[in-house]
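> Mind having a look at this structure? Questions to follow.
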Amino acid sequence: MSQSVTAQQVLEVLRPVQDPELNRSLVELNMIRQVQVENGRVSFHLVLTTPACPLRQLIEEDCRQAVLALPGIEQVEIVTTAETPQQKSLPQRQGVPGVRNIVAIASGKGGVGKSTVSVNVAVALAQSGARVGLLDADIYGPNDPILLGVSQQQLVVTDSPQGEVLTPAENYGVKLVSMAFLVTPAQPIIWRGPMLNGVIRQFLYQVQWGELDYLLVDLPPGTGDAQLTLAQAVPMAGAVIVTTPQTVAVADAQRGLQMFRQLGVPVLGVVENMSYFIPPDAPDKRYAIFGEGGGSQLAANLGVPLLGQIPLELPVRAGGDAGLPVVAVQPELDSAQALRQVAGRIAARVSVLALG
């Protein structure tokens, strides 16, 4: 009868159940907690490594079936929560207080939709329950406030013993700082490297980020000062490379990917944006405007995961212009679903590297 089943027996039948991303036992990872057995009913907490876990339902079902195999157990109640692991520290790198993981979103060239990907991934992570910040490090062309719908907000600046501290803007559960808040819309930023280095460090260390699971850094295209500043200032959980399938975009993306490797930053994977066009008047059709297979070939050649292929749909552009991220306002679209999958896979890769 169920009276003979103990919490230890529950843990033993759950021991073979693994996290599919980590390929390690849930029990060994301390992801099964507060096991209780009473009158044919087992309850426990399943503590995932990210609120955005893409395999949550699969893990829950594997746990449920394992426990139901015990004699006399008729009901299994699982309370699923998440604790995002802390990225590994690195010598001569200063972490940002309260921020568990810093992820760079980069591209080799401009025009591949890196900022659109950054904003939508940030919103998707926030929708999953994660605490998310977004640092717009594209100092010369800061567009994230428009895409996130906060271009009319103002950053609050307060004095502290350490100097000025910025309070980020916030929308859709995402905290944002950007150079766009500090200049007029038409004002060009005509700076040399040292000034850019200074403002990126200010955005890292002089912002009231609070407690964050993920701080995404939307970098400018290329392999210049912003990338070097970030890689040398903070320990990063990893970098994501955004490209289109087009040959010239893939060639530049490869340079960006290799740069992060040379700087000792893990590459989480490749995102292929604008993989194909879906016309609004013929949603069953697909047009490979920028070619095919560039992102998947890049990922395969360099031995990193392909995190997703995002179609080009008109609402993505329209939503960006209006400050309405597609994952929030039109989640049923193919592009929104692809972006949510990318967000989940980024979170999963961060967990794998943190716990590996």
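The values are calculated or read from the model by the stated rules, or taken from the named source; none is laboratory data. Small disclaimer: the values here were computed from a predicted structure and weren't measured. Glycine also receives a Cβ, built like all others from the backbone with ideal geometry; neighbour counts cover every protein chain displayed.
> Looking at (1) under 21 Å from Gly173 (Cβ atoms); (2) in the same structural domain as Thr244 (by TED's automatic domain parsing); (3) not aliphatic (A, V, I, L, M), which one does Pro97 not meet, given that it meets all the others?
The failed condition is (2).
> Separate question: Pick from region 14-56 the residues that are more than 25 Å from Thr84 (Cα to Cα) and buried (at least 20 other Cβ atoms within 10 Å of the Cβ): which of them is nearest to the chain's Cα centre (by Cα)?
Restricting attention to region 14-56, the residues satisfying the condition of being more than 25 Å from Thr84 (Cα to Cα) are 37-42.
So of that shortlist, the ones also buried (at least 20 other Cβ atoms within 10 Å of the Cβ) come out as 37, 42.
Working: Val37: 37, Val42: 34 Å.
Selected residue: Val42.
> Also, I was wondering about something else. Within region 165-194, which residues are over 18 Å from Gln206 (Cα atoms) and outside any loop (DSSP other than H, G, I, E, B)?
Passing the criteria: Asn171, Gly193.
> Do you know which residues across region 313-335 are buried (at least 24 other Cβ atoms within 10 Å of the Cβ) and either at pLDDT below 95 or within 17 Å of Ala52 (Cα to Cα) (or both)?
Val327
> Any residue that is in contact with a helix residue (DSSP H, G or I) (Cβ under 9 Å, 6 or more places away or on another chain) and outside any loop (DSSP other than H, G, I, E, B) - is there at least one of those in region 147-156? Spell out the reasoning first.
Filtering region 147-156 down to residues in contact with a helix residue (DSSP H, G or I) (Cβ under 9 Å, 6 or more places away or on another chain) leaves 147-155.
Right, trim to outside any loop (DSSP other than H, G, I, E, B) and you get 147-148.
Yes.
> If the requirement is being under 28 Å from Gln92 (Cα atoms) and in contact (Cβ under 8 Å) with a residue 12 or more places away in the chain, which of these qualifies: Arg286, Arg255? Talk me through it step by step, then tell me what you get.
Details: Arg286 fails: under 28 Å from Gln92 (Cα atoms).
None of the others qualify; the one that does is Arg255.
> Quick one: Ala52 ticks every box in (1) modelled with pLDDT under 95; (2) among the small types (Gly, Ala, Ser); (3) out of contact with any helix residue (DSSP H, G or I) (no Cβ under 6 Å at 6 or more places or on another chain); (4) not assigned by TED's automatic domain parsing to the domain that holds Gln208 except a single one, so which number is it?
Answer for Ala52: the failing condition is (3).
> State the number of residues belonging to region 305-333 that are touching a residue at least 60 places away in the same chain (Cβ under 8 Å) and part of a loop (DSSP other than H, G, I, E, B).
Qualifying residue count, region 305-333: 3.
> Starting from region 18-45, take each residue that is outside the structural domain of Ser351 (by TED's automatic domain parsing) and list its partners that are loosely packed, with under 13 Cβ neighbours inside 10 Å and of a type in the set (Val, Ile, Thr), counting only C-beta distances under 6 angstrom and pairs at least six apart or across chains.
Correct list of pairs: His45/Val79.
> Among the strands (runs of 3 or more DSSP E) contained in region 20-126, which hold 1 or more residues that are aliphatic (A, V, I, L, M) and more than 22 Å from Ala348 (Cβ to Cβ)?
Working: elements: 32-38, 41-48, 75-82, 102-107.
Filter on region 20-126 gives 32-38, 41-48, 75-82.
> For residues that are of a type outside the set (D, E, K, R) and under 19 Å from Gln208 (Cβ atoms), tally how many sit in region 141-161.
Within region 141-161, the first condition is being of a type outside the set (D, E, K, R), and the residues that meet it are 141-143, 145-158, 160-161.
Right, trim to under 19 Å from Gln208 (Cβ atoms) and you get 145, 148, 150, 153-158, 160-161.
Result for region 141-161: 11.
> Filter region 177-207 for residues that are farther than 20 Å from Ser160 by Cα, in contact (Cβ under 8 Å) with a residue 40 or more places away in the chain and within 26 Å of the chain's Cα centre (by Cα) and give the result.
Scanning region 177-207 gives Ser178, Met179, Ala180, Leu196.
> Turning to a different aspect of this structure: Within region 114-128, does at least one residue satisfy the condition of being touching a residue at least 60 places away in the same chain (Cβ under 8 Å), more than 17 Å from Lys175 (Cα to Cα), among the charged types (D, E, K, R) and crowded, with 24+ Cβ neighbours inside 10 Å? I'd like the intermediate steps shown before the answer.
Applying the first criterion (touching a residue at least 60 places away in the same chain (Cβ under 8 Å)) to region 114-128 yields 114-125, 127-128.
Right, trim to more than 17 Å from Lys175 (Cα to Cα) and you get 114.
Now drop any that are not among the charged types (D, E, K, R), which leaves 114.
Among the residues that remain, those that are also crowded, with 24+ Cβ neighbours inside 10 Å are: 114.
There is at least one residue in region 114-128 that is touching a residue at least 60 places away in the same chain (Cβ under 8 Å), more than 17 Å from Lys175 (Cα to Cα), among the charged types (D, E, K, R) and crowded, with 24+ Cβ neighbours inside 10 Å.
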